[in-house]
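Have a look at the structure below, then the notes.
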Amino acid sequence: MFAQWCVKGIRGRASDEAKETGLTPDEAISIVRDGHGIICNWWRQVGTIHPWEARRKLTATNLDLHINNYSSVVNDTPFISLAAGCVERDIFYRTNRVHPAEDTALAFATENGTRTGFLFYCWVIVGFRPAVPIEGIAEEVRDLNSYRNWSAFQLEGELTAKIQIPANHIHRIERWEPRANGDLQPHINPPDWNPAYMNLRFTPPSEVSNIRELF
């Protein structure tokens, strides 16, 4: 197993939007400050879950639906999508192309630069082979050696955590906002965002060997 740095993009929410559409800045901070961590949509919808229910949810079928037919399970999935980057091999040009994790997470969080979004930088433990029923091990679904079925979304560089990402696994949160010219910029107004909200209760993965950085 190894520790993998990832980025979770979550949409921001304007004051006139429904709660389900995203997070306010205070809600984003509370994920780490109050120790809630990032929980899966299934847990968020039902309010309370039990270990035996989680075991029934963590199946290869549900993982495939989460990856390839997300709209059908958006409110019922026990998995949490994370971006870790991906390398694409271009046979024609005989080169490799890197798809950075931050770009994928930022496009999702801001709806391609049209709204405020948040990036949560975190780490998870990943196995070298599929281990879907094991809650504490994230699935490296971007890895074609382990997940060989064709997927239209493979280049998003996804890893899937399960049930929850603990608050102390989250290093920092960045808040990004669209500018008038169409670009995105990080929100840097103090005191909380300067330029990111740093988690004072973060536990680094330094005790875990084989740490991989982002592509």
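Given +1 on the Cβ of Lys and Arg, -1 on the Cβ of Asp and Glu, and no further charges, what dipole in debye does the chain carry about its Cα centre, rounded to the nearest 20?
On the way: 22 positive and 26 negative charges, 78 e Å.
Once rounded to the nearest 20, the dipole reads 380 debye.
Would you calculate, for the chain, the mean residue ellipticity at 222 nm contributed by helices, counting each DSSP H stretch of 4 or more residues as -39,500 (n - 2.57) and dividing by all residues, to the nearest 500? Mind showing how you got there, number by number?
Values: 5 runs with 40 residues, N = 215.
Roughly -5000 deg cm²/dmol at 222 nm, from the helical runs in the chain.
Using the alpha-carbon positions of the stretch 27-93, Rg (one decimal) and Dmax (whole number) come out as 15.8, 51 Å. Lysines within cross-link reach of residue 57: Cα-Cα under 18 Å, excluding same-chain residues under 8 positions apart? Residue 57 reaches 162.
Annotation: amide H-H contacts under 5 Å for residue 162 (H modelled 1.01 Å from N, sequence separation of 5 or more, or interchain): 80.
Over the C-alpha atoms of the chain, the Rg to Rh ratio, Rh being the Kirkwood estimate, stands at 0.95.
All of the numbers you see were taken from the coordinates with simple rules; none came from a lab. Since we're looking at a predicted model, the values are computed, not measured. Note: ideal-geometry Cβ built from the backbone for every residue, glycine included; neighbour counts use all protein chains shown.
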